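What follows is a short report on a single structure.
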Amino acid sequence: MRFGTKKENREPTCDELIQLDNEEEETGRPEREGTEPLGEERNILREVLSFLCYAAVIFGCTFLIIMFVAQRTSVSGHSMNDTLQDGDQLILEKVSYRFRDPSRFDIVVFRYAHEKNMFYIKRIIGLPGETVQIIGDDIFIDGELLEEDYGLEPMEDPKRAASPITLGEDEYFVLGDNRNQSSDSRDPSVANVKRSQIVGRAWLRIWPLDRIGFVSHRK
């Protein structure tokens, strides 16, 4: 006859459960196969999505600023001397003309009607509905002499403005300040500038450093 104790099939007590839990915490539970690589993949995916979202926000903000707020532009040529010089770097603002019409003497950038990617920078002289005529070096608006002295030197050739030019309801007459070296509204290739051609107004000069400052539209 064999003597011994039988193994009892019983549930562990609370004290035993606590003890078992403590042992598992000390020894650590075995890692499940494949858990770590899956976590790494999720982290990489999360980082990629975060970067794409960040890039989309930056691109969207940049697009909105360029389209509706401001844009950098460079002066090429001497048609606006001495107000603006060849190589000047400007910030063009586009906001104000969404709330008001361009004003006389504003310096504006507009698209050249006959070439898609060409832009001109000139000064507005005539406003919609006005009649502009140049006699000698004098500019007449609706038959009255315009008080202005933006020209770098006396104007030599009025071209098409030798005869009265009546502007349409959405048209502007523009001149360069260096009028003897400027292709502007006197020239048939430029002619009257439509409101839809105007991109914005010269606002701030950021280069060269010794001429940094706001662009003056009035003397």
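The values are calculated or read from the model by the stated rules, or taken from the named source; none is laboratory data. On a predicted model such as this, the values are computed, not experimentally measured, just so you know. Cβ sites come from the backbone with ideal geometry, for glycine too, and all protein chains shown count toward neighbours. What goes into the accessible areas is simple: the full protein's heavy atoms, side chains included, and nothing from ligands, DNA or RNA. Shrake-Rupley method; radii C 1.70, N 1.55, O 1.52, S 1.80 Å.
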Is it the case that some residue within the range 134-157 is of a type in the set (Ser, Thr, Tyr) and either over 17 Å from THR73 (Cα atoms) or more than 21 Å from the chain's Cα centre (by Cα) (or both)?
-> yes
Say we look at the range 80-97 and pick out the residues that are of a type in the set (A, V, I, L, M) and not in a strand (DSSP E or B); which of these is nearest to ARG205 (Cα to Cα)?
-> LEU84
SER182 under 30 Å from the mean Cα position of the chain (by Cα) and at pLDDT 95 or above | yes
Verdict on GLY34 being modelled with pLDDT under 60, of a type outside the set (Ser, Thr, Tyr) and within 23 Å of the chain's Cα centre (by Cα) | no
Residues being over 21 Å from LEU92 (Cα atoms) and touching a helix residue (DSSP H, G or I) at 6+ places or on another chain (Cβ under 7 Å): count how many of those fall in the range 186-206.
-> 3
Hits in the range 98-125 - residues which are open to solvent by 20 Å² or more (accessible area, probe 1.4 Å) and either in contact with a helix residue (DSSP H, G or I) (Cβ under 6 Å, 6 or more places away or on another chain) or in a helix (DSSP H, G or I) (or both) = ARG98, ARG111
Here the residues within the range 62-79 that are part of a strand (DSSP E or B) and either modelled with pLDDT under 50 or under 8 Å from the mean Cα position of the chain (by Cα) (or both) are ALA70, GLN71, ARG72
Scope the range 127-150; condition within 18 Å of ASN180 (Cβ to Cβ), out of contact with any Ser or Thr (no Cβ under 9 Å at 6 or more places or on another chain) and either modelled with pLDDT under 95 or open to solvent by 70 Å² or more (accessible area, probe 1.4 Å) (or both); matching residues | ILE135, GLY136, ASP137, ASP138, GLU148, ASP149
Among the residues of the range 151-183 satisfying the criterion of being open to solvent by less than 50 Å² (accessible area, probe 1.4 Å) and part of a strand (DSSP E or B), which is farthest from ILE107 (Cα to Cα)?
-> ILE165
